[in-house]
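The values are calculated or read from the model by the stated rules, or taken from the named source; none is laboratory data. No experiment lies behind these values; they were computed from the predicted model shown. Heads up, the Cβs are rebuilt from the backbone with ideal geometry, glycines too, and the neighbour counts pull from every protein chain shown. Side chains are part of the model used for accessible areas, which takes the heavy atoms of the whole protein and leaves out ligands, DNA and RNA. Shrake-Rupley method; radii C 1.70, N 1.55, O 1.52, S 1.80 Å.
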Amino acid sequence: MKISPRVKDFLCLTAHPEGCKKNVADQISYVKEQGEIPGDAKKVLVIGCSTGYGLASRIVAAFGSHAQTLGIMFERPSNGKKTASPGWYNTAAFEEFAAEEGLYAKTINGDAFSKKIKDQTIETIRRDFGKVDLVVYSLAAPRRTAPDGETYRSVLKTTGEIFTNKNLNLKDNTIGMKSIPAADEEEVEATVKVMGGEDWKLWIEALKDADVLSENAVTVAYSYIGSELTYPIYFEGTIGAAKKHLHATADEIREELKVKALISVNKGLVTQASAAIPIVPLYMSMLYKVMKEKDLHEGCIEQIERLFKDKKLMTDTQTDEHGWVRLDDWELRQDVQDEVKKRWEDINSENVGELADIDGYWKDFYQMFGFKEDGVDYEADTDPVVAIPSIEE
């Protein structure tokens, strides 16, 4: 079939296997160009491995540190009539490239929140690895069924009171105003249950109890704080409440489980999660413009390569006073934020193309789904069914 993008709101309902493969190949090429990454990340578990920072982590570990990688994802294969999800195609491409270089790569497809997948992962580690050196926790999900059987759903709301600010209308790239409702206590709690640190800690407990963590194992979870411009919807909103819980969980893992647990606070990027948050896409597109002008822009792969190499994830990790690794250090540079805030005041529907990187935003958006990749023939008849040889479900 000919596969074209079908966009609805902040989602693309189709994905292109060859485009996703090209995206993965480009990330691998970047990592190889940066040279080998020293350290002990040789057997790596990536929980949430198929897109964004999780995929970048798996690529950096495999092609920068020559690590064996086990990935956990929850993705949809193609049924022949509909395309697979982009994470499925990304993982198929990753495993193909890993096999070409003789790198171990296996993937478990299922609900990472469930005990079943935790048990299956432990069995696979015992059988194939013995122990793991690094556990990357990079889950982004709208809902979670907790061990007690209750299902929680996250919400994208403020806490306290309604917040109104400028917003990028993704349908026509115009600037308008958007109001975000305030969450009630139950909604905040549910968001923390889904996006906080509870499941991360359950994973580390399960791995430690099963004795499949190496003596000096490291675990890292990804977070975001962002600019004061987005604080009401992000850092001080329901997502921020979940991220603060995630940060506190790192302390619990270190103190109670005696495992080195790190929080990596990353730069703002276009992801399937961030595209869904009102007001944030406008900030991201302006941030892209400013950081590109200052030659500071990074995507997922550049940041994670910097996390492993420059921030020394596996050895003497560079952290701030909170014990966090700051990959948002360039985003939050004073000159960057001053310029973004200035443009925020001035931006409107007439000058949005000058003050924000709308084209860059949309290019990143489409490339998440395998579209707008150079060298891919999007007019070609393409088979949407792609197998992942190692997949375990």
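Values as computed for the structure displayed
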item: Two-decimal Rg/Rh across the chain, once Rg and the Kirkwood Rh are taken from alpha-carbon atoms; result: 0.94
item: Carbon and sulfur %, accessible surface of segment 127-270 computed with the full protein complex present, 1.4 Å; result: 46 percent
item: FRET E, pair Ala210, Ala99, Förster distance 35 Å, beta-carbon r, rounded to 0.05; result: 0.80
item: Fully extended contour minus Cα-Cα distance, from Ile162 to Ser349, at 0.36 nm per residue; result: 64.9 nm
item: 19 Å Cα-Cα reach of Lys106 towards aspartates and glutamates, excluding residues that sit fewer than 8 places from it in its own chain; result: Glu75, Glu95, Glu96, Asp119, Glu123, Asp128, Asp133, Glu392, Glu393
item: Heavy-atom accessible area ranking, 1.4 Å probe, most first, across Asp316, Asp119, Asp133; result: Asp316, Asp119, Asp133
item: Extension gain, Lys8 back to Arg76 (0.36 nm per residue minus Cα-Cα distance, nm); result: 22.6 nm
item: Largest to smallest accessible area among Lys43, Lys311 [probe 1.4 Å]; result: Lys43, Lys311
item: Built amide H within the under 5 Å cut-off of Thr83, gap 5+; result: Ala15
item: Sequence of Thr271, Thr315 from largest to smallest accessible area, 1.4 Å probe; result: Thr315, Thr271
item: Helical mean residue ellipticity (222 nm; -39500 (n - 2.57) per DSSP H run of 4+; nearest 500) of the chain; result: -12500 deg cm²/dmol
item: Accessible surface, per residue, of segment 241-362 when the full set of protein chains is kept, probe 1.4 Å, Å²; result: 40 Å²
item: Gain on full stretching of the segment that runs from Lys294 to Lys115 - 0.36 nm per residue minus C-alpha separation; result: 59.8 nm
item: Within-14-Å neighbourhood charge of Pro278 [Cβ basis; K, R +1; D, E -1]; result: +3
